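Participant: Attaching a single structure in structure tokens format; questions to follow.
The values are calculated or read from the model by the stated rules, or taken from the named source; none is laboratory data. Note that the coordinates shown come from a computational prediction; the quantities given were computed from them, not determined experimentally. When we count neighbours, we look across all protein chains shown, and the Cβ atoms used for this are built from the backbone with ideal geometry, even at glycine. Note: accessible area is taken over every heavy atom of the protein model, side chains too, but ligands, DNA and RNA are not part of it. Shrake-Rupley method; radii C 1.70, N 1.55, O 1.52, S 1.80 Å.
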There are 2 protein chains.
Amino acid sequence: MLIVQKFGGSSVATLERIRNVAQRVLATQRTGQDVVVVVSAMAGETNRLIGLSNQLASEGDAQLTSKGPYVASERAGDRAHERELDQLVSTGENVSAALLAMAIQNAGGRAISLVGHQIGLQTDGTYTNARILGFSHGRIRQELSAGNVVVCAGFQGLNAAGNITTLGRGGSDTSAVALAAALKADACEILTDVDGVYTTDPRIEPRARKIHRITYEEMLELASLGAKVLQIRSVEFAMKFGVPVHVRSSLNESEGTWIVSEQKSLESAVVTGVALDRNEAKVTLTNVPDVPGTIASIFGVLAGADIIVDMIIQNASRGGSTDVTFTVPENDLKKAVAGLRSLDLPGAGPMDILSDPDICKISIVGVGMRTHAGVAAKAFEILGRENINIQMVSTSEIKVSVIVHERYGELALRALHAGFGLHEGPASSAA
Amino acid sequence: MLIVQKFGGSSVATLERIRNVAQRVLATQRTGQDVVVVVSAMAGETNRLIGLSNQLASEGDAQLTSKGPYVASERAGDRAHERELDQLVSTGENVSAALLAMAIQNAGGRAISLVGHQIGLQTDGTYTNARILGFSHGRIRQELSAGNVVVCAGFQGLNAAGNITTLGRGGSDTSAVALAAALKADACEILTDVDGVYTTDPRIEPRARKIHRITYEEMLELASLGAKVLQIRSVEFAMKFGVPVHVRSSLNESEGTWIVSEQKSLESAVVTGVALDRNEAKVTLTNVPDVPGTIASIFGVLAGADIIVDMIIQNASRGGSTDVTFTVPENDLKKAVAGLRSLDLPGAGPMDILSDPDICKISIVGVGMRTHAGVAAKAFEILGRENINIQMVSTSEIKVSVIVHERYGELALRALHAGFGLHEGPASSAA
């Protein structure tokens, strides 16, 4: 039995917590399993290092980036700079890996830490956001055979030229799943400060329940629920390689949420979870010339400005012009409108641009929808009973999303959570 | 032309200083030389990391080691622990290397930082104090050809198994000299906060003058003068491979002190420098049985306790017993006496142990002594004129050391400095 355990930055934020992690890891090993551990940098350390880099560039001004992709945008694409940033930032994980290995040794166990060139994770050359290409696990296997807990610095790999690369935000989750896939581990445990994935956000609906088992596809659709718990990119990786992922608390021993393939689900619930995304804004274009190429021009402008468009609805044409409505991240709304204003479309009169930040998106997700008709209709009925107006609808095979006014978001979430029986039923797509 | 420049922890202690180092490096490159830079960790960082390791072991107590070999002695020899310590501590140099490379880029230059596995410095497996075995300079050559300043993290190498090793205290100086030797660099510059090596300690004798040129052998004998400036171990390395070392200030452009082979010295001064070492203590054993093996037992006890004995004098035997006098580091005096008390020697009566911490050692050094007779006699005469009693004498080919009472140390140093004409003459073994 081989298990990969991943501990995030908050789990190794202090020496006290590192000692606790060491005990946890040793307890796992005592059950007879080989253990590979993947750690993030101590909470705050990555931002401290990025801060040094930013201050260096700004001649002394303190500029701490605490959010967003970690390359200051004005330097994005400067490969020499991004290479150094990766060399710099990866040291954060090296420190926590060495400290955890020491803590395990102090507790009487055998452990060794591995960093960049020792781990064997090969990536492409995209600094700050590298993709994993392969893995040579000779060293890890060898250290496991020697009876060691192998503590790997997360977030990092090595490109073909031997340069250190990092895997982008949440990269340690991806490291863990990639190692689990390559080592054919029995499971990849993501140990975190919550005890699993819930049917919905418990801060909005206290009756939300922990999901015991969920499919990769559902987890991806429930990104807004899962993003607080684990990086969505690692779920894509787990799905691709069929790695069972177990999201659980680092503070207790209870079972958390298993993320598995649909084949391993015994029975599919119709709806597994309900998610609310407040971070969307709506743009409506009226009087759009209904000629070929117009839509491509509109969304070309947005793509050029790196704006991710979510839902798109185009109404039927009326007299040579049409309406188009779509949603963008709320933070990008101004940029989107400015881009569209600058657009010079051929044809009838000026296009009207209406924007509305006061909307939100509610999604219900479940693989059971594939075999159960009428899920969308039932959702509309539930919202109708609450007098909530639906502004837009979008569906996929296992998801129904609706756009409603922001003030009705929480009400809609609670109504759907109750209406689809998530308060009590088996909160699992494999009960 | 290829030059290796080494900057210590105080030169990269702040972002402001890192920017200054970047300017200095670029100025050197503009003179048409290829530049390889070796950096230490930002001042304080190594101790911070060691402090984390110590706190981890001591369950929360803060134990910052600020001096001495960086392995807490109770863990010395614990290879698994020392391996992790090296993985941990080496990150300090990785951070400063990446930041300096960024600073050079910010200033408009081309630079790349290299760490452990990228540098190509191969060592043995002695963690925390590894010896350099070899060097593969493919990557450095390649980056130099591409027009980069190559910034190497100092202090670290890689053993045959791919584990990170560190080179012991002052290891960055040794890294720099080793790289200079392997790359056949024209010089290795040690840039520091003093402007060279002086004929004696200027805090004691204000008329001390900067030495322009000194041989490796003299530098080794003048360890107590040089140790503040560069690690003595790196001088041994430079001597072995004939690397010209230039110790100079990182704050100005003046020439510092060149440390070179004797062959490159045009003319040898009789005395090049005078050094004072207050950190010695004297032990006298009387009534020592004069039988074979006794002396071996005595110094075997001291060696077993890791005590380095400097001078040793044994008097002629009188009636079956003899006296032995030797010096040890003052910090080891108690341990030495305790060890000797426990010694059970066969033969006549109990041995008397007299110890005296109030002594110091004065050394005069110069390769010219080899060809000038009477240097020791002249030194004794100078000290005699000052009524300074000489307690012990030890000489080597290029050195005369005397032990005197601690209170006469500074007086003796000034008298010898003046008496051998160091106030005015060409302060150089190659004028």
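Participant: Give the residue from A:409, A:303, A:273 lying farthest towards the positive end of the charge dipole for segment A:264-431; charges sit on Cβ (+1 for Lys and Arg, -1 for Asp and Glu) and the dipole is referred to the Cα centre.
Facilitator: It is A:273.
Participant: Cα to Cα, under 25 Å, and not fewer than 8 places away if on the same chain: which lysines meet these conditions relative to residue A:335?
Facilitator: Within reach: A:67, A:282, A:361.
Participant: Ok, one more. Take the Cα atoms of chain A, build their convex hull, and give its volume per residue in Å³.
Facilitator: Roughly 165 Å³ of hull volume per residue.
Participant: What are the ³J(HN,Hα) values, in whole Hz, obtained from phi via the Karplus relation 6.51 cos²θ - 1.76 cosθ + 1.60 with θ = phi - 60°, for each residue of segment A:320-331 in sequence order, with x given for Gly and Pro?
Facilitator: x, 9, 9, 10, 10, 10, 8, 10, 9, x, 4, 5
Participant: Further, regarding this structure: Out of residues 5 or more away from residue A:198 or on other chains, whose amide H comes under 5 Å of its own, with H placed 1.01 Å from N in the peptide plane?
Facilitator: When sequence neighbours closer than 5 places are left aside, the close amide H contacts are A:211.
Participant: Measuring label to label, 7 Å along Cα→Cβ, what does residue B:136 give against each other copy in nm, shortest first?
Facilitator: Label-point separations across copies, in nm and ascending: 1.1.
Participant: Now for a separate question. If you average the sequence gap of Cα pairs under 8 Å that are 6 or more apart and divide by the length of chain A, what percent do you get for the contact order?
Facilitator: After rounding, I find 14 percent.
Participant: Continuing with the same structure: Springs between alpha-carbon atoms under 10 Å, Gaussian network over chain B: tell me which of B:77, B:168, B:320 tops the mean-square fluctuations.
Facilitator: Result for chain B, Cα springs under 10 Å: B:320 fluctuates most.
Participant: Also, quick follow-up: Run the label-point distances for residue B:354 please: 7 Å along Cα to Cβ, every other copy, nanometres, shortest first.
Facilitator: 10.7
Participant: Name the residue, out of B:123, B:327, B:28, whose mean-square fluctuation peaks in a Gaussian network model built on chain B with Cα pairs under 10 Å.
Facilitator: Of B:123, B:327, B:28, the Gaussian network model singles out B:28 as fluctuating most.
Participant: Compute, for segment B:161-262, the length of the dipole vector about the Cα centre, with Cβ point charges of +1 (Lys, Arg) and -1 (Asp, Glu) only. Units Debye, rounded to 20.
Facilitator: Here the size comes out at about 140 debye.
Participant: Would you please state the base-10 log of I(q)/I(0) at q = 0.09, 0.12 1/Å for segment B:110-269, with intensities from the Debye formula using one equal scatterer on every alpha carbon?
Facilitator: -0.31, -0.55
Participant: Shifting gears a bit: Mind checking the log10 I(q)/I(0) for segment B:176-273 at q = 0.10, 0.15, 0.21 Å⁻¹? Debye, one equal scatterer per Cα, no solvent, two decimals.
Facilitator: The Debye formula, applied to the Cα set alone, gives -0.24, -0.54, -1.07.
Participant: Could you tell me the largest-minus-smallest coordinate of the C-alpha atoms of segment B:308-431 on each of the three principal axes, in descending order and whole angstroms?
Facilitator: Extents along the principal axes: 56, 28, 27 Å.
Participant: So, one more: Which distance in Å, rounded to a whole number, links the C-alpha centroids of segment A:293-356 and segment A:192-224?
Facilitator: 34
Participant: Which residues' amide hydrogens lie under 5 Å from the amide hydrogen of residue B:321, considering only partners 5 or more residues apart or on another chain, with H built in the peptide plane?
Facilitator: B:290
Participant: A follow-up question, please. Output ³J(HN,Hα) for segment B:398-406: one whole-Hz value per residue in order, computed from phi by the Karplus curve 6.51 cos²θ - 1.76 cosθ + 1.60 with θ = phi - 60°, and x for Gly and Pro.
Facilitator: For segment B:398-406, the Karplus curve yields 10, 8, 10, 10, 10, 9, 10, 4, 4 Hz.
Participant: Another question, if that's okay. Could you tell me the ratio Rg/Rh of segment B:2-193? Both radii from Cα atoms, Rh via Kirkwood.
Facilitator: Taking Rg over the Kirkwood Rh, I get 0.98.
Participant: Show me the GluC sites (Glu not before Pro) within segment A:1-60 that DSSP assigns to loop and that have at most 16 other Cβ atoms within 10 Å of their Cβ.
Facilitator: Here the GluC sites (Glu not before Pro) that fit, given the DSSP loop and packing criteria, are A:59.
Participant: Rg to Rh for the protein assembly as shown: what is it, with Cα atoms only and Rh by Kirkwood?
Facilitator: My calculation puts Rg/Rh at 1.11.
Participant: Also: When the Karplus curve 6.51 cos²θ - 1.76 cosθ + 1.60 is applied with θ = phi - 60°, which whole-Hz ³J(HN,Hα) does each residue of segment A:303-311 get, with x for Gly and Pro?
Facilitator: 5, x, 8, 6, 9, 8, 8, 8, 7
Participant: Next question. Nearest 20 debye, what's the magnitude of the dipole of the protein assembly as shown about its Cα centre given +1 on Lys and Arg Cβ and -1 on Asp and Glu Cβ?
Facilitator: 500
Participant: Something else: Cα centroid distance between segment A:108-151 and segment B:238-290, in Å?
Facilitator: 45
Participant: Between residue B:203 and the same site in the other copies, what are the distances in nm, shortest first, taking label points 7 Å from Cα along the C-beta direction?
Facilitator: Listed shortest first, these distances are 5.6 nm.
Participant: Can you pull out the buried accessible area for chains B and A, both sides counted, probe 1.4 Å, rounded to the nearest 100 Å²?
Facilitator: Its buried surface, counting both partners, is about 3400 Å².
Participant: What are the lysines whose alpha-carbon lies under 16 Å from the alpha-carbon of residue A:240, with same-chain residues fewer than 8 places away excluded?
Facilitator: A:184, A:264
Participant: Still on this structure: How about residue A:210: which lysines have a C-alpha closer than 17 Å to its C-alpha, ignoring those fewer than 8 places off in the same chain?
Facilitator: Straight-distance partners of residue A:210: A:228.
Participant: DSSP loop trypsin sites (Lys or Arg not before Pro) in segment B:175-254 with at most 16 other Cβ atoms within 10 Å of their Cβ, which ones?
Facilitator: Of the trypsin sites (Lys or Arg not before Pro), the ones in loops of segment B:175-254 whose Cβ has at most 16 other Cβ atoms within 10 Å are B:184, B:203, B:207, B:228.
Participant: Given springs between every Cα pair under 10 Å in a Gaussian network model of chain B, which of B:200, B:257, B:371 has the largest fluctuation?
Facilitator: B:371
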